[in-house]
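S.K.: Have a look at this one before I ask anything.
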Amino acid sequence: MPKLRDSVLAHIQSENIRPRPRWQYVLLHIGLWATGISTIILGSFAFGYMLFEFSLPERVYLSWMEMRENNWIEALPYLWGIGMVFAFTFGYFLFSRTER
């Protein structure tokens, strides 16, 4: 095993690779996990809302739409899609820079 350790250390010194600070590593990974978990939760609410809309008869749905004051619920599927794109982009950025 000392040979592997020595070869890795020699490669790090020859390439002049600087380690990433620990706070940066922790912050980026907490951000990735928080984005992923919040996207999953938002997606489950969006899926539940879509099932709710599909199961209502038309007359009940129209009266339900008239009672609502906030239309932010209709944006849940779109927010979920934006969150998924952001999570995948953030994850790709984080893991593409892992070699350092």
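S.K.: Give me the one-decimal nm value for the distance between modelled label points at Tyr25 and Leu94, 7 Å along each residue's Cα-to-Cβ direction.
M.R.: Here the modelled spin labels are 1.4 nm apart.
S.K.: Which ³J(HN,Hα) values, rounded to whole Hz and listed in residue order, are derived for the stretch 28-43 from phi using the Karplus coefficients 6.51, -1.76 and 1.60 in 6.51 cos²θ - 1.76 cosθ + 1.60 with θ = phi - 60°, glycine and proline given as x?
M.R.: 5, 6, 5, x, 5, 5, 5, 5, x, 5, 5, 5, 5, 5, 4, x
The numbers here are math on the coordinates, done by the rules we state, and not lab data. Because the structure is predicted, anything quoted here is derived from the model rather than measured. Don't worry about glycine lacking a Cβ; one is built from the backbone with ideal geometry, like all the others, and counts go over all protein chains shown.
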